[in-house]
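Take a look at the structure set out below.
The values are calculated or read from the model by the stated rules, or taken from the named source; none is laboratory data. Nothing here was measured: the structure is a model prediction, and the numbers come from that model. Reconstructed Cβ throughout: ideal geometry from the backbone, glycine too, with neighbour counts over all protein chains shown. The accessibility values were calculated without ligands, DNA or RNA, using every heavy atom of the protein model including side chains. Shrake-Rupley method; radii C 1.70, N 1.55, O 1.52, S 1.80 Å.
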Amino acid sequence: MKLFLSSYRFGGHADAFVALTGRPAELGVIANASDAWPAAARASSLRSEFGPLRDLGYRPAELDLREYAGKPVEFERALEGFGAVWVRGGNTFVLRAQLARSGADEILSERVRNGSIVYGGYSAGACVAAPSLIGVEDADDPGAVRTATGTDAVWTGLGLVDFSIVPHLGSVLDEHSSSRATLQRLRADKIACHGLTDEQAIVIDEMGMRVLD
C-alpha cells in the first residue's frame, strides 16, 4: 500500500510523491472536493492543479466522479491505465459523498490496499483517507453535501489509515483558525490523529509510515 497525504499539495516533498509513483506518467486527478464551488472557480482550481503536476512530468487527466454516479463499473474501467490518483482539497464531506455515489470509495480502497494504484491526496484528499470524518466539521460544512449532490453527508472515511488527519496547522488556509482546537479535541477524545503543517507530508509504503517535515 502506497499513500502520500499532505496538507497543501506536495508540501516540501514532491520528490517523495514521485518516488512512490515511479517514473511520472498518466495521473488521475479527482477534484470533486470543489463540487460545491461556482463552476468557474472549480474549473480554475483544476487548471491550477495541472501545472505543478505537469512540471513533475505527469500527464494529468481529470476523473470527475460526477460522471460516474451510480456507475461503479464505468469508474473502474476509467481508472484503468492510471498508476496513481491525486485527490485535491476542498470540502471533505462533498468529496466523500461523491466517492460514495460513484462507488469509487470501495474501488479505490481495494486498489490501494492491493498495491495496484498509488493514492496521493492533500487537505480534503488526505482527510478522507481516515476511518472517520469526525472533527472535519470544524473546517468544512457538511451541509454543502446536500447542495452539491442532493444526498446526506457520509461521516465514515475510506479507512486507508487508522488515524484522522488535521491539515493546515498554522496556515493562512485555516480560514476558521480551527486546526489546533480540532487536534486538541480529537486527542482529548482519544481519537488517533496527526496534525500537518502545509510543509509536511505523511508517506506510507512497504517501509511503513513516516512524517516528512
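Brief remarks follow.
- Of all the numbered requirements in (1) open to solvent by less than 30 Å² (accessible area, probe 1.4 Å); (2) at pLDDT 95 or above, ARG101 misses one, and that requirement is (1).
- SER132 passes every criterion in (1) buried (at least 18 other Cβ atoms within 10 Å of the Cβ); (2) of a type in the set (S, T, N, Q); (3) touching a Ser or Thr at 6+ places or on another chain (Cβ under 7 Å) apart from (1).
- Considered as a group, the residues in region 137-178 that are out of contact with any Asp or Glu (no Cβ under 8 Å at 6 or more places or on another chain) and among the hydroxyl-bearing types (Ser, Thr, Tyr) include one that is least open to solvent (accessible area, probe 1.4 Å), and that residue is SER164.
- Among the conditions (1) in contact with a strand residue (DSSP E or B) (Cβ under 7 Å, 6 or more places away or on another chain); (2) more than 21 Å from LEU173 (Cβ to Cβ); (3) of a type in the set (A, V, I, L, M), the only one that LEU46 does not satisfy is (2).
- Flag set for VAL145, criterion: touching a Ser or Thr at 6+ places or on another chain (Cβ under 8 Å) and aliphatic (A, V, I, L, M).
Condition check ((1) modelled with pLDDT of 95 or more; (2) within 17 Å of the chain's Cα centre (by Cα)) across all residues:
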site: VAL166; (1), (2): yes, yes
site: HIS176; (1), (2): no, no
site: ARG185; (1), (2): yes, no
site: GLU199; (1), (2): yes, yes
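- Residue selection: VAL136 satisfies the criterion of being over 12 Å from the mean Cα position of the chain (by Cα), touching a residue at least 40 places away in the same chain (Cβ under 8 Å) and closer than 26 Å to ASP205 by Cα.
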